[in-house]
């Protein structure tokens, strides 16, 4: 049995004209929501073995803010350029490549990929991920490469409007 926490990055800013999408920072709401969701994870005693994050600036910021709240060492966050605006197949490939010594992973990325991945893994998931939304799934697999459609059970789904 494996556990995956699927996280959409916190709210980002569009305030800087000409800034590439990859480089957009979090806005004020995002800088509030990410640690609030991290604290909620801390209260649930969530501490994944591994955090994988898209290398986009807003996902790195989200990853660090959440990691600080749950006591995860920031230097152990793995940045994945392939997770930026990734398709479902790319995300599944990244998950399949995780070492089997890892039992729980937090995957921080972008929509529509986070919504699609959660819906693919858990047929009962029919929500849309708001920014900084988090889904916890238990996967009925022993090895990450066994991941397949409907191999997960949604344990909980939470987002900032449930916290603030």
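For the reader, a short list of remarks on this structure follows.
- Counting only residues that are crowded, with 17+ Cβ neighbours inside 10 Å, in contact (Cβ under 8 Å) with a residue 24 or more places away in the chain and touching a strand residue (DSSP E or B) at 6+ places or on another chain (Cβ under 7 Å), region 42-64 holds 12 of them.
- Among (1) in contact with a strand residue (DSSP E or B) (Cβ under 6 Å, 6 or more places away or on another chain); (2) assigned to a loop (DSSP other than H, G, I, E, B); (3) at pLDDT 95 or above; (4) farther than 22 Å from residue 99 by Cβ, the one test that residue 156 misses: (2)
- If you go through region 117-135 and keep only what is touching a helix residue (DSSP H, G or I) at 6+ places or on another chain (Cβ under 6 Å), farther than 20 Å from residue 47 by Cβ and either part of a loop (DSSP other than H, G, I, E, B) or at pLDDT below 95 (or both), you end up with 125, 128, 129.
- For residue 105, the conditions (1) within 12 Å of the chain's Cα centre (by Cα); (2) at positive phi; (3) surrounded by fewer than 23 Cβ atoms within 10 Å (Cβ to Cβ) are fulfilled apart from (2).
- None of 15, 85 is touching a residue at least 12 places away in the same chain (Cβ under 8 Å), under 12 Å from residue 109 (Cα atoms), out of contact with any helix residue (DSSP H, G or I) (no Cβ under 7 Å at 6 or more places or on another chain) and surrounded by fewer than 17 Cβ atoms within 10 Å (Cβ to Cβ) except 85.
- Within region 4-20, considering residues that are modelled with pLDDT of 90 or more and more than 12 Å from the chain's Cα centre (by Cα), the one nearest to residue 158 (Cα to Cα): 11
- Residue 130 more than 21 Å from residue 77 (Cα to Cα), within 15 Å of the chain's Cα centre (by Cα) and without any contact (Cβ under 8 Å) to a residue 12 or more places away in the chain: no
The values are calculated or read from the model by the stated rules, or taken from the named source; none is laboratory data. Since the structure is predicted, the reported quantities are computational estimates derived from the model, not experimental observations. Please note: Cβ atoms are built from the backbone with ideal geometry, for glycine as well, and neighbour counts cover all protein chains shown.
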